[in-house]
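J.: Handing you a structure now.
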């Protein structure tokens, strides 16, 4: 390996820590520079005109920390059930604050494990896979102890837990992820994630499933996905949740006709920068924004 390659590897490893340190020292300056790098203009976090400015403005004001109960993968289930969406939650098999307490013998043949204070799935188990409990415990201990970037402070207010849930889909392929982008109580579009086993591809649709040309070319799939048969139901759920928050992304799955699941609620996608969207997209996604006060969060 060349000296330049070694230097590049070192930079990639320490970059998150450097960004986190810089954020703690001068968050507004860091957000401004990173925003300008992607959008090629100076942001206005007080009077936002695009969804990136909206999210970053909420982060910088401290407002986003109020999202913690809804970003918590375990606690949000109670809120979703209270709002009438309990039937759309994946079955839960257990939750533990210490991975050493995971009761593998009590789990079904197929399941996932994920941290309540992070993003994504840390471990997926299917009936054909061998199980090494100590390796899995170590994986979950690492996932639960990983500190999300300090620019997403809501995660720091979540008690780290290991959550065992139903495996959605056939276990061989990651299910298509439908991310309903909302702002001002309105569903503006659906970001669809496909080919998630290899290199995730993104496509963007309006609520009538008309393609919108606002995902950068590098992320596009070779073929656009068809709409799920239960799109109307999913839109209804997303609209109900959207009405409770100034802005939120509602992540759902529809692995088969008649099967709909809510995955999670996301408030700071990609730290607010959403670099896969074009400038036209981020402006479109902020329609309806009016600086809604925190009092609306999670209202009944």
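J.: Just a yes or no: is a residue in segment 18-37 more than 25 Å from residue 158 (Cα to Cα), modelled with pLDDT of 80 or more and exposed (fewer than 11 other Cβ atoms within 10 Å of the Cβ)?
T.: yes
J.: When segment 174-190 is examined, which residues are found to be in contact with a strand residue (DSSP E or B) (Cβ under 9 Å, 6 or more places away or on another chain), part of a strand (DSSP E or B) and in contact (Cβ under 8 Å) with a residue 40 or more places away in the chain?
T.: 177, 178, 179, 180, 181, 182, 183, 187, 188, 189
J.: Mind checking which residues of segment 67-84 are closer than 20 Å to residue 246 by Cβ and surrounded by fewer than 18 Cβ atoms within 10 Å (Cβ to Cβ)?
T.: 69, 75, 79, 82, 83
J.: Another one. Could you run through segment 115-128 and say how many residues are under 15 Å from residue 164 (Cβ atoms) and modelled with pLDDT of 90 or more?
T.: 6
J.: Based on this model, can you work out whether residue 84 counts as part of a loop (DSSP other than H, G, I, E, B), over 18 Å from residue 165 (Cα atoms) and in the same structural domain as residue 244 (by TED's automatic domain parsing)?
T.: When the stated conditions are applied, residue 84 passes them.
J.: Failed condition for residue 156, given (1) more than 29 Å from residue 59 (Cα to Cα); (2) at pLDDT below 95, with all others met?
T.: Residue 156 satisfies every listed condition except (1).
J.: Please determine, by comparing only the residues of segment 40-58 that are touching a helix residue (DSSP H, G or I) at 6+ places or on another chain (Cβ under 6 Å) and part of a helix (DSSP H, G or I), which one is surrounded by the fewest Cβ atoms within 10 Å (Cβ to Cβ).
T.: Within segment 40-58, the match that is surrounded by the fewest Cβ atoms within 10 Å (Cβ to Cβ) is 58.
J.: Tell me yes or no: at least one residue of segment 185-199 is modelled with pLDDT of 95 or more, within 23 Å of residue 92 (Cα to Cα) and under 19 Å from the mean Cα position of the chain (by Cα).
T.: No, because not a single residue in segment 185-199 is modelled with pLDDT of 95 or more, within 23 Å of residue 92 (Cα to Cα) and under 19 Å from the mean Cα position of the chain (by Cα).
J.: Let me ask another. Output yes when any residue across segment 171-178 is more than 30 Å from residue 128 (Cβ to Cβ), out of contact with any helix residue (DSSP H, G or I) (no Cβ under 6 Å at 6 or more places or on another chain) and assigned by TED's automatic domain parsing to the domain that holds residue 38, and no when none is.
T.: Checking segment 171-178: not a single residue is more than 30 Å from residue 128 (Cβ to Cβ), out of contact with any helix residue (DSSP H, G or I) (no Cβ under 6 Å at 6 or more places or on another chain) and assigned by TED's automatic domain parsing to the domain that holds residue 38.
J.: Let me ask you something else. Of all residues in segment 114-127, which are touching a strand residue (DSSP E or B) at 6+ places or on another chain (Cβ under 6 Å), touching a residue at least 12 places away in the same chain (Cβ under 8 Å) and under 15 Å from residue 264 (Cβ atoms)?
T.: 114, 116, 122
The values are calculated or read from the model by the stated rules, or taken from the named source; none is laboratory data. In this text, all values refer to a predicted model and were calculated from it rather than measured experimentally. For neighbour counting, all protein chains shown are included, and Cβ atoms are generated from backbone atoms with ideal geometry for every residue, glycine included.
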